[in-house]
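Okay, structure first, notes after.
The values are calculated or read from the model by the stated rules, or taken from the named source; none is laboratory data. None of these values were measured; they are calculated from a predicted model. Here the Cβ is made from the backbone with ideal geometry for all residues, glycine too, and neighbour counts use every protein chain on show. Note: accessible area is taken over every heavy atom of the protein model, side chains too, but ligands, DNA and RNA are not part of it. Shrake-Rupley method; radii C 1.70, N 1.55, O 1.52, S 1.80 Å.
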Amino acid sequence: SQTIHQWPATLVQPVGSPLSLECTVEGTSNPNLYWYRQAAGRGLQLLFYSIGIDQISSEVPQNLSASRPQDRQFILSSKKLLLSDSGFYLCAWNRDRGGEKLFFGSGTQLSVL
Amino acid sequence: DQQVKQNSPSLSVQEGRISILNCDYTNSMFDYFLWYKKYPAEGPTFLISISSIKDKNEDGRFTVFLNKSAKHLSLHIVPSQPGDSAVYFCAASGHNDYKLSFGAGTTVTVRA
């Protein structure tokens, strides 16, 4: 069966510090990978998605970047965090396009102080 | 621009009664619609979906209705149970889309 791992679960970082969140998927190959963010009291905003190694699509211009160094690994990064980067970050995967359901990780609660 | 809208941020319902959650969309290219359930500090989990060739899909206590002409869908939960208290997200996608567009969510509280 397929599983998705996302860590850390909670992170408190000072403004201006770097960020690296990691996500890995097991039990499948060539998944589509996604990073979503849920800001306080708001819905799920798509940040990045990837349909293959080194193929990254950015949905919203912002202070973050994503990389996919391996088939089942997706990394969300920032060189200098802003207060507005606080939120609940979710990694997800699916197999195909066209409404294929997403499977989400357990999320990372990021607080930038 | 929000293409999927859930205009009711919250819903309170008595245990055993029906919960009705609504969702509207603006993109006529959307072909697939999904509902997700999310507990605090956890990732969303898939609940039920419907494609545009249908107007109803049922799975146990959960039924999704789709009205394409009105660009509207709804989720019915009958009967509502305390464990149904969560945030529910509506999502939509087109046939060639890789991504799902989500609504802002509706927080459901089931009262004993």
If only one of A:Lys101, A:Lys80 is out of contact with any helix residue (DSSP H, G or I) (no Cβ under 8 Å at 6 or more places or on another chain) and touching a residue at least 40 places away in the same chain (Cβ under 8 Å), which one is it? A:Lys80
Before we move on, is B:Gly94 facing chain A (nearest Cβ under 9 Å), more than 18 Å from A:Tyr36 (Cα to Cα) and in contact with a strand residue (DSSP E or B) (Cβ under 8 Å, 6 or more places away or on another chain)? yes
Across the range A:7-61, what is the total count of residues that are polar (S, T, N, Q), open to solvent by 50 Å² or more (accessible area, probe 1.4 Å) and away from every other protein chain (no Cβ under 14 Å)? 2
Consider B:Val110 against the criteria (1) in a strand (DSSP E or B); (2) away from chain A (no Cβ under 11 Å); (3) without any contact (Cβ under 8 Å) to a residue 40 or more places away in the chain; (4) touching a strand residue (DSSP E or B) at 6+ places or on another chain (Cβ under 7 Å): it satisfies all of them except one. Which criterion is unmet? (3)
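A quick yes/no check of all residues on (1) at pLDDT below 95; (2) over 25 Å from A:Tyr89 (Cβ atoms):
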{"position": "B:Gly16", "(1), (2)": "no, yes"}
{"position": "B:Lys37", "(1), (2)": "no, no"}
{"position": "B:Pro40", "(1), (2)": "yes, no"}
{"position": "B:Gly43", "(1), (2)": "yes, no"}
{"position": "B:Leu47", "(1), (2)": "no, no"}
{"position": "B:Asp55", "(1), (2)": "no, yes"}
{"position": "B:Phe62", "(1), (2)": "no, yes"}
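In the range A:62-113, which residue that is within 12 Å of chain B (Cβ to nearest Cβ) and of a type in the set (S, T, N, Q) is surrounded by the most Cβ atoms within 10 Å (Cβ to Cβ)?
Across the range A:62-113, the extreme among qualifying residues is A:Thr108.
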